[in-house]
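What follows is one structure encoded as structure tokens, with my remarks underneath.
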Amino acid sequence: MERNLLVIGATGKTGSRVADLLLQRGHHVRALVHRADERSERLAALGADIVQGDVLDLDSVARVAKGIDALYFTYPIRTGLMDATANVAQAAEENEVQAIVNMSQISARREAASNAARQHWVAERLLDRSPVAVTHLRPTFFTQWLIDNWAGATGDLRLPFADGRHAPIAESDQAKVIATILEDPSPHAGKIYPLHGPEELDHFEIAEKMSRALGRDVTYVPVELDEFSDILHGRGAPEHLVQHLLAVAIDYRNAIFAGTNDLVKRIGGTDPVDVETFVALNRASFDSHTA
């Protein structure tokens with residue numbers, strides 16, 4: 001059955017893939033984008049209804065939510081999450097939206113040292129008070145993280161994770177879960193889903209798999225938090241993001257990001273992509289990317 005579905009953050013890592021899938025499955029997709037660019041133009045060419053607006057502006061969200069059956073809400077790691085969440089909750093209630101799929105994070109909890117992670121936990125509780133059915137997703141680190149943090153010139157992964165472990169998850173696999181829930185939200189209402197990839201690994205093992213896929217040596221170099229802070233500041237990362245990543249690095253060492261499960265296959269319908277396959281599929285990005 002064709003549904004009217006809203007993707008907030010439709011040009012982002014998961015949002016763009018969700019919009020693609022929903023369009024392929026024959027749904028009417030409205031995409032809220034912060035600015036028009038080649039990414040929004042691509043979605044428009046595929047048939048999405050592009051609406052330019054700001055999730056921090058209640059009127060923008062209320063207008064884009066009119067006539068919508070269900071929506072996907074994701075927000076980047078930057079200030080403003082609480083205002084954005086309140087606006088989405090209010091706009092959904094005003095427009096009798098049936099369901100919200102909310103992108104949270106695996107480190108979201110009341111006692112989190114990361115300001116962003118703690119805010120995600122509060123944002124979940126705020127949405128839980130809404131009359132709209134909500135499903136929260138708590139993914140571990142995205143596999144895309146490997147591209148973002150690989151120093152291509154040296155082949156190094158300089159990260160502060162010691163020998164901690166997680167099961168990297170691809171955006172494409174998360175999108176399958178999100179799209180499936182948007183199509184039929186009722187079985188998932190009120191649920192919190194931790195999302196993992198297929199295999200739990202430490203970064204030494206991840207580097208080995210990357211080496212095989214890329215045909216060149218990739219080395220995991222464990223670093224301390226102060227060096228990682230310097231790396232992030234050198235990239236121009238905002239303080240909110242730096243504080244978050246330093247705090248979750250400690251969480252990672254303490255196994256908050258660890259584990260795996262079958263939710264991607266059980267909900268999304270396909271086996272999740274493993275690290276070696278992801279790297280091989282995205283080899284051009286690794287070859288061209290320098291951190």
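The values are calculated or read from the model by the stated rules, or taken from the named source; none is laboratory data. All values reported here derive from a predicted model rather than from experimental measurement. Here the Cβ is made from the backbone with ideal geometry for all residues, glycine too, and neighbour counts use every protein chain on show.
Values as computed for the structure displayed
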quantity: Residue list for segment 17-39, restricted to those being small (Gly, Ala, Ser) and surrounded by fewer than 21 Cβ atoms within 10 Å (Cβ to Cβ); calculated: Gly26, Ala36
quantity: Residue identified as without any contact (Cβ under 8 Å) to a residue 40 or more places away in the chain and crowded, with 20+ Cβ neighbours inside 10 Å among Gln119, Gln174; calculated: Gln119
quantity: Residues of segment 52-74 satisfying the condition of being surrounded by 15 or more Cβ atoms within 10 Å (Cβ to Cβ) and out of contact with any strand residue (DSSP E or B) (no Cβ under 7 Å at 6 or more places or on another chain); calculated: Asp54, Leu56, Leu58, Ser60, Val61, Ala62
quantity: Tally of residues being more than 24 Å from Ile267 (Cα to Cα) and either crowded, with 23+ Cβ neighbours inside 10 Å or not polar (S, T, N, Q) (or both) across segment 132-157; calculated: 10
quantity: Any chance Phe161 is within 21 Å of the chain's Cα centre (by Cα), aromatic (Phe, Trp, Tyr) and farther than 30 Å from Leu22 by Cβ; calculated: yes
quantity: Among the candidates Glu239, Glu205, residue that is without any contact (Cβ under 8 Å) to a residue 40 or more places away in the chain and under 21 Å from the mean Cα position of the chain (by Cα); calculated: Glu239
quantity: Of all residues making up segment 184-202, the number that are among the aliphatic types (A, V, I, L, M) and under 19 Å from the mean Cα position of the chain (by Cα); calculated: 2
quantity: Check on Asp262, surrounded by fewer than 16 Cβ atoms within 10 Å (Cβ to Cβ), farther than 25 Å from Gly15 by Cα and free of Cβ contacts under 8 Å to residues at least 12 places away in the same chain; calculated: no
quantity: Residue match in segment 52-65 (condition: without any contact (Cβ under 8 Å) to a residue 24 or more places away in the chain and touching a Lys or Arg at 6+ places or on another chain (Cβ under 8 Å)); calculated: yes
quantity: Residue ID - nearest to Val223 (Cα to Cα), chosen from residues in segment 265-291 that are free of Cβ contacts under 8 Å to residues at least 24 places away in the same chain and of a type in the set (D, E, K, R); calculated: Lys265
quantity: Evaluation of Ile77 against (1) surrounded by fewer than 22 Cβ atoms within 10 Å (Cβ to Cβ); (2) over 24 Å from Arg138 (Cα atoms); (3) in contact (Cβ under 8 Å) with a residue 12 or more places away in the chain; (4) not charged (D, E, K, R) (one fails), failing number; calculated: (2)
quantity: Any hit, segment 274-285, residues being under 30 Å from His188 (Cα atoms) and among the aliphatic types (A, V, I, L, M); calculated: yes
quantity: Scan of segment 1-16 for residues that are buried (at least 24 other Cβ atoms within 10 Å of the Cβ), within 14 Å of Glu183 (Cβ to Cβ) and free of Cβ contacts under 8 Å to residues at least 60 places away in the same chain, ordered by number; calculated: none
quantity: Test: residue in segment 220-230 that is crowded, with 17+ Cβ neighbours inside 10 Å, assigned to a helix (DSSP H, G or I) and of a type outside the set (Phe, Trp, Tyr); calculated: yes
quantity: Top-ranked residue of segment 241-291 - restricted to ones that are over 20 Å from His166 (Cα atoms), among the hydrophobic types (A, V, I, L, M, F, W, C) and assigned to a helix (DSSP H, G or I), ranked as modelled with the lowest pLDDT; calculated: Phe286
